[in-house]
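The values are calculated or read from the model by the stated rules, or taken from the named source; none is laboratory data. For clarity, every value in this text was computed on a predicted model and none was experimentally measured. Don't worry about glycine lacking a Cβ; one is built from the backbone with ideal geometry, like all the others, and counts go over all protein chains shown.
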Amino acid sequence: MTKIQLTLIEHKPHCSMLLRRYMAIEHIAIIGAGQMGNGIAQVSACAGYKVTMIDIKEEFVEKGMSTIKQSLNKLVSKGRMSEKDAELAISRINTSTENSSASDADLVVEAIPEVLSYKTALFEQLDNLCKSETILATNTSSISIDSIAASTSRPDKVIGMHFMNPVPIMKLVEIINGSNTSDEVNEDVVKAAEKMGKTALSCNDSPGFV
């Protein structure tokens, strides 16, 4: 650290936040290859992220990839995307049937059925599988973020990232902070959503969210 930076922290402790290194999100894992999951995978890949799309059966991830390819082909046919960019987006997506494939992701977005027990079991597993700095996000539309975060040892890194359906078209993403979600995690997830071309609207965990 430079002398100038040290002086800044010594005389204005509150300014030390300005020196915080934002986590560079480069790899996003999506758990669930259904309608929401494959849509999130598509917009993430189009934004330049390395993507891993995971589901419990190979047929599910294959169907998800087929949907993504059809969606991108439609964009190309309408002149809204070049064929080269579509091919690049596809090349950024890997698929898996093992949640362990999310172990080195910087951000994991869960997009499985809206059943609390399913989500808490998954987040408990991800908490053990993923890097300590990995952000765990849920695409839930109604379940309390705090209820999901309680199944992990990192509630400060658990957040809601609720995309609207259909994901490639709808602009709004609700960013829902739990009681313990850190400001830094919120900022990183908002930046990721905006890089995907979305309008990120933050709120606190409460019935109905935004």
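List the pairs whose first member sits in segment 177-201 and is modelled with pLDDT of 95 or more, whose second member is polar (S, T, N, Q) and in a helix (DSSP H, G or I), and whose Cβ atoms are under 7 Å apart, counting only residues at least 6 apart or on separate chains?
The qualifying pairs are 177/186; 196/44.
In segment 129-150, which residues are closer than 19 Å to residue 106 by Cα and either assigned to a loop (DSSP other than H, G, I, E, B) or modelled with pLDDT under 95 (or both)?
Passing the criteria: 130, 131, 132, 133, 134, 139.
Answer with yes or no whether residue 167 is in contact (Cβ under 8 Å) with a residue 40 or more places away in the chain, part of a strand (DSSP E or B), surrounded by 13 or more Cβ atoms within 10 Å (Cβ to Cβ) and touching a helix residue (DSSP H, G or I) at 6+ places or on another chain (Cβ under 8 Å).
No: the conditions fail for residue 167.
Taking the condition touching a strand residue (DSSP E or B) at 6+ places or on another chain (Cβ under 8 Å), part of a strand (DSSP E or B) and modelled with pLDDT of 95 or more, does residue 126 pass? First the steps, then the outcome.
Details: touching a strand residue (DSSP E or B) at 6+ places or on another chain (Cβ under 8 Å): yes; part of a strand (DSSP E or B): no; modelled with pLDDT of 95 or more: yes.
It is false that residue 126 is touching a strand residue (DSSP E or B) at 6+ places or on another chain (Cβ under 8 Å), part of a strand (DSSP E or B) and modelled with pLDDT of 95 or more.
Restricting attention to segment 78-94, which residues are of a type outside the set (Gly, Ala, Ser) and either in contact with a Cys (Cβ under 7 Å, 6 or more places away or on another chain) or closer than 23 Å to residue 169 by Cβ (or both)? Break it down stepwise before answering.
So in segment 78-94, the residues of a type outside the set (Gly, Ala, Ser) come out as 78, 80-81, 83-85, 87-88, 90, 92-94.
Within segment 78-94, 78, 80, 81, 83, 84, 85, 87, 88, 90, 92, 93 meet the criteria.
Out of everything in segment 110-123 that is assigned to a loop (DSSP other than H, G, I, E, B) and out of contact with any Gly (no Cβ under 9 Å at 6 or more places or on another chain), what residue ends up being nearest to residue 173 (Cα to Cα)? So that I can check it myself, show each step before the final result.
As a first pass, look at segment 110-123 and keep what is assigned to a loop (DSSP other than H, G, I, E, B): 111-115.
The next check asks that each one be out of contact with any Gly (no Cβ under 9 Å at 6 or more places or on another chain); those that pass are 114-115.
On the way: 114: 17, 115: 21 Å.
Of everything passing the filter in segment 110-123, 114 is nearest to residue 173 (Cα to Cα).
Check 110, 114 and return the single one that is over 13 Å from residue 42 (Cβ atoms), of a type outside the set (Gly, Ala, Ser) and surrounded by fewer than 16 Cβ atoms within 10 Å (Cβ to Cβ).
Working: 110 fails: surrounded by fewer than 16 Cβ atoms within 10 Å (Cβ to Cβ).
Matching residue, one of 110, 114: 114.
Output the number of residues of segment 171-190 satisfying the condition of being surrounded by fewer than 14 Cβ atoms within 10 Å (Cβ to Cβ) and not hydroxyl-bearing (Ser, Thr, Tyr). Talk me through it step by step, then tell me what you get.
Taking segment 171-190 first, the residues surrounded by fewer than 14 Cβ atoms within 10 Å (Cβ to Cβ) are 171-172, 179, 183.
Now drop any that are not not hydroxyl-bearing (Ser, Thr, Tyr), which leaves 171-172, 183.
Residues meeting the conditions: 3.
Just checking, which of 44, 71 is in contact with a helix residue (DSSP H, G or I) (Cβ under 9 Å, 6 or more places away or on another chain), within 16 Å of residue 162 (Cβ to Cβ), of a type in the set (Ser, Thr, Tyr) and surrounded by 16 or more Cβ atoms within 10 Å (Cβ to Cβ)? Can you show your working first?
On the way: 71 fails: within 16 Å of residue 162 (Cβ to Cβ).
When all the criteria are applied, what remains is 44.
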